Amino acid sequence: MRFPDRRAALSLLLAFSLAPAFAAGPEEVRASILAQSRERHPALSPQDLAAGAAAFDAGRRAQAELNRPAPGAAEAVEAGRKIWTRKFPNGRSLAGCFPNGGRRIAAAYPQYDPRVKRLVTLETAINQCLTTHGQPLMDAGDPATMGTVLAYLRSLADGRKVAVRATSAPARERFEEGRRLYFTRMGQQNYACASCHANHSGQYFGDTAIPSPVGAAVQWPHLRDGRPVTLQMRVRECLDRMGAAPFPAGSDELAHLEFFLAYLSNGLTIRANAWRPPS
Ligand code: HEC
């Protein structure tokens, strides 16, 4: 994504376009964003929108077709599988920390865990397992370790429908925190995520169509230049482009944003490890 010279005109447009805050629970927020999306893109289903910029760009769509499966995806999944099944010195493994060795679980993350009173992403859950077994933690921003493990774990949920829950009061609070961050202006450009994604999805920012927030949690990790890019890594790139110091990899802020986006993707079919063009 580049910020071209034309941005002055667009930034004026963005400055006046934030939606008013919702005083509503997760389902109302989701319904309202879905309704807005239907109005903006009547010809595109939420599952179509999961393709990111390609949903609006026939050229990008053709490229994505040619890159299915994404180059590097099989290697990333295999590298992640090795880390997942590798035995710790005590004979246990990451696979042993999760039901069914981790099959299908990714569809339900992030999730609020009342035992640790925290919103748990796949990254946090993996690091909790490593802590339990006295192993060094993985950096949530590292494509070679956390990225490949998520490529594998998410591939085990391919074809499942996203099903994150925000029914308990603490989970609803975390969702609201994610929504608030999404609609809060940050950084030197004074943009919120919503300035671009919610209100200008489908419009061109430079030479890239702006993806919709609907479906944003379906295809990750993305494969770019053969390397897995997790949702959190991608969000950090947008923050950087906004002139905001990106929240640290593995931070609660990124977890909240991911929870919000994942909730908007509820009911959509997971297609992990999809191709995205080099940035
Ligand atoms: C100035 C406009 C702008 C802002 C502000 C912005 N983004 Fe983006 N974002 C983009 C564009 C453009 C892309 C597509 C890049 C591409 O695919 O080449 C993108 C891509 C993404 C993607 C990947 C979508 C996909 O499926 O490929 C996610 C997720 C995302 N942004 C989330 C966020 C979040 C969360 C924030 C706020 C922290 C944010 N963005 C702020 C413009 C923006």
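Looking across segment 150-195, just one residue is among the β-branched types (Val, Ile, Thr) and touching a Leu at 6+ places or on another chain (Cβ under 7 Å), and that is 162.
Each row is one residue, and each column tells you yes or no for (1) under 30 Å from residue 88 (Cβ atoms); (2) of a type outside the set (Val, Ile, Thr); (3) in contact with a strand residue (DSSP E or B) (Cβ under 7 Å, 6 or more places away or on another chain).
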{"site": "135", "(1), (2), (3)": "yes, yes, no"}
{"site": "141", "(1), (2), (3)": "yes, yes, no"}
{"site": "145", "(1), (2), (3)": "yes, no, no"}
{"site": "151", "(1), (2), (3)": "yes, yes, yes"}
{"site": "167", "(1), (2), (3)": "no, no, no"}
{"site": "187", "(1), (2), (3)": "no, yes, no"}
{"site": "194", "(1), (2), (3)": "no, yes, no"}
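Within segment 135-176, being among the β-branched types (Val, Ile, Thr) and either in contact with a Ser or Thr (Cβ under 8 Å, 6 or more places away or on another chain) or within 21 Å of residue 271 (Cα to Cα) (or both) holds for 145, 148, 149, 162, 164.
Right, residue 184: in contact (Cβ under 8 Å) with a residue 40 or more places away in the chain and polar (S, T, N, Q) or not? Taking the combined requirement at face value, the residue does not satisfy it.
For residue 245, the criteria (1) among the hydrophobic types (A, V, I, L, M, F, W, C); (2) more than 8 Å from the ligand (Cβ to nearest atom); (3) surrounded by 20 or more Cβ atoms within 10 Å (Cβ to Cβ) hold in every case but one, which is (3).
Scanning segment 220-230 for residues that are hydrophobic (A, V, I, L, M, F, W, C) and crowded, with 22+ Cβ neighbours inside 10 Å, we see that the one that is farthest from the ligand (Cβ to nearest atom) is 223.
For segment 202-219, the count of residues that are without any contact (Cβ under 8 Å) to a residue 60 or more places away in the chain and either surrounded by 21 or more Cβ atoms within 10 Å (Cβ to Cβ) or more than 10 Å from the ligand (Cβ to nearest atom) (or both) is nonzero.
Taking segment 268-279 as the range and being at pLDDT 95 or above and either farther than 22 Å from residue 46 by Cβ or in contact with a helix residue (DSSP H, G or I) (Cβ under 8 Å, 6 or more places away or on another chain) (or both) as the test, the residues that pass are 268, 269, 270, 272, 273, 274, 275, 276, 277.
Taking segment 235-279 as the range and being over 25 Å from residue 26 (Cβ atoms), in a helix (DSSP H, G or I) and in contact (Cβ under 8 Å) with a residue 40 or more places away in the chain as the test, the residues that pass are 237, 241.
Does segment 59-73 contain any residue that is touching a Ser or Thr at 6+ places or on another chain (Cβ under 7 Å) and either over 18 Å from residue 218 (Cβ atoms) or in contact (Cβ under 8 Å) with a residue 40 or more places away in the chain (or both)? Within segment 59-73, none of the residues are touching a Ser or Thr at 6+ places or on another chain (Cβ under 7 Å) and either over 18 Å from residue 218 (Cβ atoms) or in contact (Cβ under 8 Å) with a residue 40 or more places away in the chain (or both). Say whether the condition of being near the ligand (Cβ under 10 Å from one of its atoms), on the phi < 0 side of the Ramachandran plot and polar (S, T, N, Q) is met by at least one residue in segment 140-150. There is no residue in segment 140-150 that is near the ligand (Cβ under 10 Å from one of its atoms), on the phi < 0 side of the Ramachandran plot and polar (S, T, N, Q).
Only a single criterion out of (1) away from the ligand (no atom under 13 Å from the Cβ); (2) buried (at least 20 other Cβ atoms within 10 Å of the Cβ) is not satisfied by residue 168, namely (2).
The values are calculated or read from the model by the stated rules, or taken from the named source; none is laboratory data. It should be emphasised that the depicted structure is a prediction, and the values quoted were computed from it without experimental measurement. With ideal geometry, Cβ positions are generated from the backbone for all residues, glycine too; neighbour counts draw on all protein chains shown.
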